[in-house]
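Below: the structure, in structure tokens.
The values are calculated or read from the model by the stated rules, or taken from the named source; none is laboratory data. In this text the structure is predicted, and so the values were computed from the model without any measurement. As a convention, Cβ positions derive from the backbone with ideal geometry for all residues, glycine included, and neighbour counts pool all protein chains shown.
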Amino acid sequence: MFWNLQNRLLDLSQSGLLMGILNITPDSFSDGGLYFDSQKAFAHARQMIVEGADILDVGGESSRPGSDPVSVTEELRRVIPTIERIRTEYPDVLISIDTYKAETARQAIRAGANIINDISALRADPEMLGVLKESDAGVVLMHMRGTPKTMQLNPIYQDPVAEIYAFLRQRRDLLAENGVDPSRIAIDPGFGFGKRLEDNLALLRRLDHFIGLGHPIAVGVSRKSMIASLLGNRSLPEHERNWPTVGLTSLMRERGARIFRVHDVKANRQSLRMTEAILSYE
């Protein structure tokens, strides 16, 4: 299994990738405001690189349930200086821009980003497909019902796995029909984005079904409310959800995931590598 990022062909058949979350926002659900200052954002990026992050996922707009959008101007102000600094000081690290806005993606790629991580699977901005086609960046197509503002307002599925699989296949096919090399595409079922707890559980149990799409599977469950719900304590603070996240990283790797979007890089990397050692041991 390979992922082609700007002519860097990554072999994910044996080893998955850790995508460290860098939210340059005042209101993200877990770490909003912690890295809103550019100096703190870069210091956190450096820490995640030292801890073994393969990718830094830089975002300037919260996508927590109920969040409001920000302007392109504000999003660019938040993310571009940090991306430029990371690229200057760490020329080999992979950078992902977490955005659904075409202009933000365009400028982020110019600043050094290698991946577009679009929670709308390129539906929110009609110009995003053009930005992707103009570049040779990788892309993560994620499933989401509605928008962050509305996605948790009574989402209903008959068969969440089948419906999400069909959606991701359709988005993948659209990109291929428009000349995007399929080797540049990763897919993300979108845990927590327009999903009930039972929908998230169905995705966890049947994650290996998405292997059939033939693309690396990206997942993001780090510190999410589904963890607190499963543990029977919906008020469990986000920082106390790290170890359950580590457990899910191991489970999802065994079930086919290859890209893991996490807050706590070091512990999740240890879990990922241990799981891979078990899976490959002879």
Item to check | Conditions (1) surrounded by fewer than 24 Cβ atoms within 10 Å (Cβ to Cβ); (2) in contact (Cβ under 8 Å) with a residue 24 or more places away in the chain; (3) under 22 Å from Ile187 (Cβ atoms); number of the one not met by Leu76 | outcome: (3)
Item to check | Residue, nearest to Leu9 (Cα to Cα), within the range 119-141, restricted to residues that are part of a loop (DSSP other than H, G, I, E, B) and in contact with a helix residue (DSSP H, G or I) (Cβ under 7 Å, 6 or more places away or on another chain) | outcome: Ala137
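Looking at Ile116, Ile83, Ile95, can you tell me which residue is assigned to a helix (DSSP H, G or I), in contact with a Leu (Cβ under 9 Å, 6 or more places away or on another chain) and among the β-branched types (Val, Ile, Thr)? Give the derivation first.
Details: Ile116 fails: assigned to a helix (DSSP H, G or I); Ile95 fails: assigned to a helix (DSSP H, G or I).
Within the list Ile116, Ile83, Ile95, the selection yields Ile83.
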Next on the checklist: Within the range 45-63, take every residue that is surrounded by 20 or more Cβ atoms within 10 Å (Cβ to Cβ) and charged (D, E, K, R) and give me the one that is nearest to Trp3 (Cα to Cα).
Outcome noted: Asp57
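Residue by residue, here is whether (1) free of Cβ contacts under 8 Å to residues at least 60 places away in the same chain; (2) over 29 Å from Lys224 (Cα atoms) holds:
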{"residue": "Glu89", "(1), (2)": "yes, yes"}
{"residue": "Tyr100", "(1), (2)": "yes, no"}
{"residue": "Ile119", "(1), (2)": "no, no"}
{"residue": "Arg123", "(1), (2)": "yes, no"}
{"residue": "Val139", "(1), (2)": "yes, no"}
{"residue": "Lys149", "(1), (2)": "no, no"}
{"residue": "Gln152", "(1), (2)": "no, no"}
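Conditions tested, residue by residue: (1) under 24 Å from Ala137 (Cα atoms); (2) touching a helix residue (DSSP H, G or I) at 6+ places or on another chain (Cβ under 7 Å).
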position	(1), (2)
Pro182	yes, yes
Arg223	no, yes
Glu240	no, no
Arg253	no, yes
Gly256	yes, yes
Arg269	no, no
Tyr281	no, no
Checklist entry - Considering the range 90-134 alone, what residues qualify as being farther than 22 Å from Val262 by Cα and charged (D, E, K, R)? => result Lys101, Glu103, Arg106, Arg110, Arg123, Asp125, Glu127, Lys133, Glu134
Checklist outcome for this item: Residue hits (the range 111-165; β-branched (Val, Ile, Thr) and modelled with pLDDT of 95 or more) are Ile115, Ile116, Ile119, Val131, Val139, Val140, Val161, Ile164
Checklist entry - If you go through the range 118-133 one residue at a time, how many are among the acidic types (Asp, Glu) and buried (at least 24 other Cβ atoms within 10 Å of the Cβ)? => result 1
Next on the checklist: If a residue must be more than 18 Å from Ser250 (Cα to Cα), in contact with a Lys or Arg (Cβ under 7 Å, 6 or more places away or on another chain) and not in a loop (DSSP other than H, G, I, E, B), how many such residues does the range 188-214 contain?
Outcome noted: 1
Item to check | Candidates Thr82, Thr88, Thr147, filtered to the one that is among the β-branched types (Val, Ile, Thr) and under 30 Å from Arg196 (Cβ atoms) | outcome: Thr147
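To keep it simple, each residue is scored yes or no on (1) surrounded by 18 or more Cβ atoms within 10 Å (Cβ to Cβ); (2) touching a Ser or Thr at 6+ places or on another chain (Cβ under 6 Å); (3) under 22 Å from Ala124 (Cβ atoms).
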residue	(1), (2), (3)
Tyr157	no, no, yes
Tyr165	yes, no, yes
Asp181	no, no, no
Phe193	yes, no, yes
Ala202	yes, no, no
Ile211	no, no, no
Arg223	yes, yes, no
Ser229	no, no, no
Ser235	no, no, no
Item to check | Per-region count, the range 96-112, residues crowded, with 23+ Cβ neighbours inside 10 Å and touching a helix residue (DSSP H, G or I) at 6+ places or on another chain (Cβ under 6 Å) | outcome: 6
Item to check | Restricting the range 21-44 to residues that are surrounded by fewer than 17 Cβ atoms within 10 Å (Cβ to Cβ) and assigned to a helix (DSSP H, G or I), the residue that is modelled with the lowest pLDDT | outcome: Ser38
Item to check | Pair list, Cβ < 6 Å and 6+ apart or interchain, from the range 231-246 residues that are aliphatic (A, V, I, L, M) to residues that are in a helix (DSSP H, G or I) | outcome: Leu236/Ala228; Val246/Ala267; Val246/Asn268; Val246/Ser271
